[in-house]
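Below: one structure, written as structure tokens.
The values are calculated or read from the model by the stated rules, or taken from the named source; none is laboratory data. Bear in mind the structure is a predicted one, so any value in this text is a computation, not a measurement. In this analysis, Cβ positions are derived from the backbone assuming ideal geometry, glycine residues included, and neighbour counts consider all displayed protein chains. These area figures cover heavy atoms from the full protein model, side chains too; ligands, DNA and RNA do not enter into them. Shrake-Rupley method; radii C 1.70, N 1.55, O 1.52, S 1.80 Å.
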Amino acid sequence: MLVLGIETSCDETSAAVIEDGQRILSNIISSQVIHSRFGGVVPEVASREHIKTIVPIYEQALSEASVRLEQIDLIAATMGPGLVGPLLVGLTYAKGLSFASGIPFIGVNHMEGHLAANLLEHPELDSHHLTLVVSGGHTMLVEVKEFGDYTLLGKTRDDAAGEAFDKVAKVMGLGYPGGAQIDRLAQQGNREYHRFPRAVLGEPYQFSFSGLKTSVAQYIEKLSDEEFIAHKADIAASFQEAVVSVLVEKTLRAAQEKSLRDVTISGGVAANSRLRVLMAEQLSRVGKRFFFPKLSLCTDNAAMIAAAGYFRFKKFGAGELAVDAVPYLTLE
Ligand code: KG4
Ligand code: ZN
């Protein structure tokens, strides 16, 4: 079964073709660099960029997969959560293709897409598992009872993990988006240079990152220019350690308390090298299996949307063409 996926929820225009929820035939991703000059995504600019690129990206996805539209069995597009203008571009385009061709359509939750990146790559994963979704907009610890049946164990009270990376990167003059830059810089730094606060909170699976971001900003403000330059990598590594150690600690605790053998991470922050290493170390210590997507499936992409569409279609059948974009769509 061939599924065409379309993703435009934020600042990546992406189209992909996957086969039987397992094999990626193409996954074309165009990232909008225009936002870096504004230090964040400007929704109206993002919508206009999606309009310019959606057709060539879709055509490239089909040609790289060597398939024609008539061979596609299902069209899946992100319907939320995300920015309403950008969402509407991909969703409307996908619905138009479906209407004109008669190919069934399905609207996909972007967060279900992120967690489905692991199903796409790791068929051996227990259907009942624990997943940590960490992106620019979300931080969620979710018990997946089976595909489509989710219990939200905890989420962030304020900033998402990726947002904290981006804000700290901005304070450090590393540009936008800054998660990958911090990750790179941190590899030359000392994680124990400074202990930034870890918000443990009363509720075991809740997260909070805004205090940490403020603490890093205040710490940097007190340094001279020379000190800042000399310790830039150390600050990046120490900040990253504060985020990652909380993510790992709470995930580990949930896996043990819920007696779940398999744990996955997904979303842009799942690309973080330190998160992957520490999570693997800590989970293997207690006999848990740990899965994460390859880098290109962590940040926003349409292959994960096609995968979620495939699994959803198999379980619940096709969706309605009448669905609207839902900017605050939840997973449950
Ligand atoms: O999943 P994603 O592409 O978009 C959303 O759905 O939000 O995630 C983007 C986020 C950004 O905040 C970016 O800084 C972060 O993922 N990110 C990283 C890394 N690569 C991307 N954060 C930490 N380390 C990385 N290597
Ligand atoms: Zn995302």
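Structure summary
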{"read-out": "Residue check for LEU132: of a type in the set (A, V, I, L, M), at pLDDT 95 or above and more than 14 Å from ligand 2 (Cβ to nearest atom)", "value": "no"}
{"read-out": "Every residue from segment 1-41 that is in a loop (DSSP other than H, G, I, E, B) and within 18 Å of the chain's Cα centre (by Cα)", "value": "THR8, SER9, CYS10, ASP11, GLN32, GLY40, VAL41"}
{"read-out": "Flag for GLU44 being open to solvent by 60 Å² or more (accessible area, probe 1.4 Å), over 17 Å from ALA306 (Cα atoms), away from ligand 1 (no atom under 16 Å from the Cβ) and not in a loop (DSSP other than H, G, I, E, B)", "value": "yes"}
{"read-out": "Exclusive hit being over 29 Å from ILE24 (Cα atoms) and in contact with a Ser or Thr (Cβ under 8 Å, 6 or more places away or on another chain), set ASP158, ASP166, ASP183", "value": "ASP158"}
{"read-out": "Which numbered condition MET111 fails, given (1) assigned by TED's automatic domain parsing to the domain that holds MET304; (2) hydrophobic (A, V, I, L, M, F, W, C); (3) surrounded by fewer than 24 Cβ atoms within 10 Å (Cβ to Cβ)", "value": "(3)"}
{"read-out": "Output for segment 70-96, where each listed residue is in contact (Cβ under 8 Å) with a residue 40 or more places away in the chain, more than 21 Å from the chain's Cα centre (by Cα) and open to solvent by 10 Å² or more (accessible area, probe 1.4 Å)", "value": "GLN71, ASP73, TYR93, LYS95"}
{"read-out": "LYS294 vs. criteria within 27 Å of ILE57 (Cα to Cα) and away from ligand 2 (no atom under 16 Å from the Cβ)", "value": "no"}
{"read-out": "Yes/no for PHE196 being over 30 Å from VAL144 (Cβ atoms), open to solvent by 30 Å² or more (accessible area, probe 1.4 Å) and away from ligand 2 (no atom under 16 Å from the Cβ)", "value": "no"}
{"read-out": "Residue in segment 161-171 that is among the aromatic types (Phe, Trp, Tyr), within 10 Å of ligand 1 (Cβ to nearest atom) and open to solvent by 30 Å² or more (accessible area, probe 1.4 Å) present", "value": "no"}
{"read-out": "Residue tally, condition away from ligand 1 (no atom under 14 Å from the Cβ) and buried (at least 17 other Cβ atoms within 10 Å of the Cβ), over segment 122-154", "value": "11"}
{"read-out": "Qualifying residues in segment 57-69 (those that are in a helix (DSSP H, G or I) and open to solvent by less than 70 Å² (accessible area, probe 1.4 Å)) - the one nearest to ILE6 (Cα to Cα)", "value": "TYR58"}
{"read-out": "Number of the exception - LEU295 against (1) more than 30 Å from GLY107 (Cβ to Cβ); (2) within 13 Å of ligand 1 (Cβ to nearest atom)", "value": "(1)"}
{"read-out": "Members of segment 33-80 that are of a type in the set (D, E, K, R) and under 20 Å from ALA169 (Cβ atoms)", "value": "ARG37"}
{"read-out": "Segment 48-64 residues that are free of Cβ contacts under 8 Å to residues at least 60 places away in the same chain, paired with ones that are open to solvent by 80 Å² or more (accessible area, probe 1.4 Å) (beta carbon under 8 Å, 6 or more apart)", "value": "LEU62/ARG68"}
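Conditions tested, residue by residue: (1) within 16 Å of ligand 2 (Cβ to nearest atom); (2) farther than 29 Å from ALA308 by Cβ; (3) without any contact (Cβ under 8 Å) to a residue 24 or more places away in the chain.
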residue	(1), (2), (3)
GLY154	no, no, no
ALA161	yes, no, no
VAL171	no, yes, no
ILE182	no, no, no
GLN218	no, yes, yes
ASP234	no, yes, no
GLU241	no, yes, no
